[in-house]
Amino acid sequence: MPTHQASALQDLVRSRSKVQYSTTRFIAVTSGKGGVGKSSISANLAYALWKSGKKVAIFDADIGLANLDLIFGVKTPYNILHALRGEVSFNEVVHTIENGLYLIPGDSGDEILKYINTGVLERFLEESNILDSVEYMIIDTGAGIGGVTQQFLDASDMLIVVTMRDPSALTDAYATIKLNAKSKNDIALIINMAQNAKEAKAVYERIRNVAFEKIPSLHLHYLGFLAQSNVIAQATRARELFYKVQPLSPAKIQLDEILKQIFTLESKLFSVEQNMLLQSQSALGSFFKRMLGYL
């Protein structure tokens, strides 16, 4: 985004009323490469957060490959591109999955990229009040590094990297961790499609040991693992959430443990006082305000 446009948009956000507080926690889920199950984990994690009693939204920010609507098994008449074009309001884009669980659908093409360099985000911010009371916003970003994906990662409160035991996935995951360690001292890791807990922990320790040597300021937190499972594969093919349709499965239990670790990490990293400093008229607006600082 050109400097003058970013500056103008920042001025707009700063000028808005500061009557309300946004305590929304923005959790970005990313991966070094595609094919590691990132979006499935994002969707099931959002559902698990909602089942725990939280008000949750999930934003499909995987530019060009957006598919969360398919994973949730819903048909969304509009996506974020329709709002950016000015065809519908932002509030019309938000799709209710359950009462208190919302999907902000992305677009599977790359047309959305041209709107990043325009002033159209001004209206986007003004219309984002529907999500003010959301406690958690899961940002399902694109795989890899750089560009718009990096802006989402930089602006998030918590960054989760998903990887698997495949050597190329591990290499790309480490590259993602290394880049983001420039702006974050704490990054979390989930190992997907592991054979068992022992293998998953070994994969984590491998990455942690390299990171400890090369990036001593980084704290790499292990959130847990999901084992390779027919339950997950079947749910994916059926466009269902394994957490919802297989409540007694090992996969659901493993995700519950991941969720527990997220809550534990959150309590370590953030305080009530820090939450109250996140002042904004809009939860999503506060996120984009931070994101704009990296444009």
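Summarising the amide proton neighbourhood of PHE59: residues at separation of 5 or more, or on other chains, whose placed amide H is nearer than 5 Å comprise ILE104, ILE138, ILE139, ASP140. In sequence order, the range 224-241 has phi-based couplings of x, 9, 10, 6, 4, 8, 5, 4, 5, 4, 5, 5, 5, 5, 7, 6, 10, 8 Hz under the Karplus curve 6.51 cos²θ - 1.76 cosθ + 1.60, θ = phi - 60°, and Gly or Pro positions carry x. Once the Kirkwood radius over Cα pairs is known for the range 172-253, the Stokes-Einstein relation at 10 °C and 1.306 mPa s delivers a diffusion coefficient of 112 µm²/s.
Just list whichever of LYS54/LYS244; LYS214/LYS268; LYS178/LYS214; LYS38/LYS268; LYS33/LYS184; LYS51/LYS244 have alpha carbons separated by over 18 Å in the model shown. Over 18 Å Cα-Cα: LYS214/LYS268; LYS38/LYS268; LYS33/LYS184. Summarising the amide proton neighbourhood of ASP186: residues at separation of 5 or more, or on other chains, whose placed amide H is nearer than 5 Å comprise HIS219. Once backbone amide H atoms are built at 1.01 Å from N, GLN246 has no partners under 5 Å, excluding neighbours fewer than 5 places away on the same chain.
FYI, it's all coordinate maths here, none of it is from the lab. Worth saying up front: this structure is predicted, and the values here are computed from it rather than measured.
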